[in-house]
Amino acid sequence: MNAVSAVTAPYDAERVRADFPILAQQVNGHPLIYLDSAASGQRPLAVLRAVERYETHHHSNVHRGVHALSQAATEAFEGARERVRRFLNARSTREIVFVRGATEGINLVAQSLARPRFGPGDEILITGLEHHANIVPWQMVCEQSGCALKVAPIDRRGEVDIGRLLELLTARTRLVAVAHVSNALGTIVPVKRIIEAAHSSGALVLVDGAQAVPHGAVDVRELGCDFYAFSGHKLYGPTGIGVLFGREELLEEMPPWQGGGDMIRTVSFEKSTYNELPWKFEAGTPNISGAVGLAAAMDYLESLGLEAVAAHEQRLLALATAELERMPGIEIIGTAAHKAAVLSFTLRGCHPHDLGTILDSEGVAIRTGHHCAMPVMTFFDIPATARASFGCYNTEADVRALVTALGKAREVFG
Ligand code: PLP
């Protein structure tokens, strides 16, 4: 994904906004200005309708039924998998595992790949800007297996120190796990470069793509990553559904991590044998309508054009950054050269939670807190930030509303 994209056709954000019924409401007597898409995107009508259609007409359990509804549900579910394969340009649907979200995808790799294979002397390398979902599963594996966790630091702009990362990448490194985009800072991490370096040093790479997929096309073959995890709800799809892409050769060698229905071929009390990919990793009844909704979200986003969306968001980011830079007392946290549509900041003398409450009273929804990235807060020596994040439906008027509401907060705290 690129930070800046060429725009060819005008992007009509007002028209896009109209596709999202939830945005038409008033909050605290003001029109809702939703600037929290990094936490969760809203769903367009196309997604809501796809889920409703599935639930109304096609629902049954998948895979095992011979009756018409079960076949329809199986077709919808496996069709969604093919849709995800195309979205990521993966080679095969055998490489697309449905999970609950990015968190579960990362835990799957931690427990199925790292836990049985890594041991004392082995290292897992992450970076200083990771979400807790890409820290804690590795800490758990280190405790379970005796391997060690190494952290490549970030600098004051919120960029990964690539020089230090390359120094930390040694023959002991078995896996590099890195965010494609930082949720707390917006930094776009040069993952392709990291993947190439890791592979030449013999390490595998997992990319946490939770914040990247809504902001640009991701091609797992072009990236060359071994694993790529993301969540449906940040991509304008439902919650409780996500994807783990894994290279087929690796998934093939990995043992299942959860046991139950669907992941088996045969079961006896003496021994069970396992299903083929990708079902080997999908124990139990899956989130069928979630997968259907996710596929509809991908159709929707591609109909807008990922490049056009990214270019629009970059314009909003540039506008908001310029406005906030002009406001005394505001400090932007995360000033990387390449950022996705995330703007973290603090207001002098005002706790981010108070700021969030004031903005909410003006109908402006931002997120405040540590954003599940406590080590990033520790690095910048702050307890929390306020974070505005932009999605395909945000407009310049939303940025102006943010600036006006911030002006009011500054009058209170300035
Ligand atoms: N990774 C990053 C960078 C995120 O921003 C998030 C969520 O905010 C996650 C992982 C975890 O996503 P989920 O809670 O949907 O599993």
Among the aspartates and glutamates, which fall within straight-line cross-link reach of LYS192, defined as a Cα-Cα distance under 18 Å, with same-chain neighbours fewer than 8 residues apart omitted?
GLU130, GLU159, ASP161, GLU167, ASP208, ASP219, GLU222, ASP226
HN-Hα J in Hz across segment 167-172 - Karplus 6.51, -1.76, 1.60, θ = phi - 60°, x for Gly and Pro
5, 6, 7, 10, 5, 7
Given the peptides 237-248, 69-80, 266-277, arrange them by the average over their residues of other C-beta atoms within 10 Å, most packed first.
237-248, 69-80, 266-277
Give a residue-ordered list of calculated ³J(HN,Hα) values for segment 178-189 (Karplus: 6.51 cos²θ - 1.76 cosθ + 1.60, θ = phi - 60°; whole Hz; x for Gly, Pro).
9, 6, 6, 9, 6, 6, 8, 10, x, 3, 8, 8
What number comes out for the charge environment of SER40, summing +1 per Lys or Arg and -1 per Asp or Glu over other residues with Cβ under 15 Å away?
+4
Per 0.36 nm of contour for each residue apart, how much would the distance between ILE22 and GLU143 grow if the chain were fully extended, relative to their Cα-Cα spacing?
39.2 nm
Using amide H atoms built in the peptide plane, which far-off residues or other-chain residues are under 5 Å from HIS338 H to H?
ILE188
Hey, what do the phi angles of segment 329-342 turn into as Karplus ³J(HN,Hα) couplings, whole Hz, using 6.51/-1.76/1.60 and θ = phi - 60°, x for Gly and Pro?
x, 8, 10, 7, 9, x, 10, 4, 5, 10, 10, 8, 7, 10
In terms of modelled amide H atoms, which long-range or inter-chain residues lie less than 5 Å from the amide H of HIS63?
THR74
Can you give me the C-alpha center-to-center distance between segment 319-345 and segment 50-109, rounded to a whole angstrom?
39
In the full protein assembly as shown, how much of LEU250 is accessible to a 1.4 Å probe, in Å² to the nearest 10?
20
Lysines whose Cα lies under 28 Å from that of LYS408, excluding same-chain neighbours fewer than 8 positions away:
LYS339
So if I take the centroid of the Cα atoms in segment 207-257 and the same for segment 169-195, what is the distance between those two points in Å?
14
Two-site label geometry, ARG49 and THR357: point separation in nm, points 7 Å out along Cα→Cβ:
4.2
Among 150-157, 120-127, how do they line up from the highest to the lowest mean number of other beta-carbon atoms within 10 Å?
120-127, 150-157
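The values are calculated or read from the model by the stated rules, or taken from the named source; none is laboratory data. Note that the structure is a prediction, hence the values are computed from the model and not measured. Using ideal geometry, Cβ is built from the backbone for each residue, glycine included, and neighbour counts are taken over all protein chains shown. The protein model used for the area step is the full one, side chains on, heavy atoms only, and it has no ligands, DNA or RNA in it. Shrake-Rupley method; radii C 1.70, N 1.55, O 1.52, S 1.80 Å.
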